[in-house]
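The values are calculated or read from the model by the stated rules, or taken from the named source; none is laboratory data. On a predicted model such as this, the values are computed, not experimentally measured, just so you know. In this analysis, Cβ positions are derived from the backbone assuming ideal geometry, glycine residues included, and neighbour counts consider all displayed protein chains. These accessible areas exclude ligands, DNA and RNA; they are computed on the full protein's heavy atoms, side chains included. Shrake-Rupley method; radii C 1.70, N 1.55, O 1.52, S 1.80 Å.
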Amino acid sequence: IGGGAGSTFIAWAGSNVLRYDAIDNQPLALFEGSQSNLCPYSEDLNQAAWVKTGASISGTTGAAPDGEADLCTVAFTASASDSIMQTISTGTADASTYLSTVFVRRTTGTGNVRFQLVNRAGVTSQSADIAIDTTWKRIEWSSSWGTGATAPQIGLINGTAAAAQSVEVWGFDVKITTALNAPTSYIRTTATSATRSLDALTFGSAPARMATGKWSFACRPLYATSDVVSA
């Protein structure tokens, strides 16, 4: 994620390329644990896997938070029940909590959207209204997905005010919240879930003092997790 903690604009890094985040205008190397985005088609809401109820989807055009012209626009009618939902068929477990995030903004004006969940027991619930405007915002909802045999579904539903609105949506991300209390870097998916490997820093040719003398790293946790730095 570029631009500091909480930034809604991202840049992609290649495999085995050191990533940086700007914290207080200082570039710091970014290290994260292995995580998986369980939500297929995280950017392409045109896919049939995304079930539309009342709402409709138009195009994969317009500049997304990563600068690529591949966002989708969701048109909600004047109904609080309009939604886009997807079944998460793999990777979920009973009695676990998941953090769902997505980048959203309205095409004009201000309004509200909510997350919606059908849990593993088949029970439907929604988050509180989340205010959005014409600036990209990465919204989040932490929720328990319950226990049962039903394949859970997660997605977005119109706000309780039931206002007709057009919302640009990109980058749906669902991660299990074990040792995770805040959003981490977005992971892109296509037809299946995707996993990012554990970040590990290796020196191919280290200064001699790292082997023979005293040295230290300055570390700054971005989020309160149980992850530790080991040497």
inquiry  = Suppose we filter segment 172-187 for residues that are open to solvent by 40 Å² or more (accessible area, probe 1.4 Å) and modelled with pLDDT of 95 or more; how many remain?
reply    = 0
note = Among the residues of segment 94-105, the number that are small (Gly, Ala, Ser) and open to solvent by less than 40 Å² (accessible area, probe 1.4 Å) is 2
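For (1) touching a residue at least 12 places away in the same chain (Cβ under 8 Å); (2) surrounded by fewer than 18 Cβ atoms within 10 Å (Cβ to Cβ), each residue gets a yes or a no:
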residue: Ala48; (1), (2): no, yes
residue: Val51; (1), (2): yes, yes
residue: Ala55; (1), (2): yes, no
residue: Phe76; (1), (2): yes, no
residue: Ile84; (1), (2): yes, no
residue: Thr107; (1), (2): yes, yes
residue: Leu117; (1), (2): yes, no
message = Taking the condition of being surrounded by 20 or more Cβ atoms within 10 Å (Cβ to Cβ) and under 18 Å from the mean Cα position of the chain (by Cα), how many residues in segment 119-135 meet it?
response = 1
inquiry  = Can you tell me how many residues within segment 193-230 are hydroxyl-bearing (Ser, Thr, Tyr), modelled with pLDDT under 70 and open to solvent by 90 Å² or more (accessible area, probe 1.4 Å)?
reply    = 1
ask   = Within segment 41-71, how many residues are aliphatic (A, V, I, L, M) and part of a strand (DSSP E or B)?
value = 2
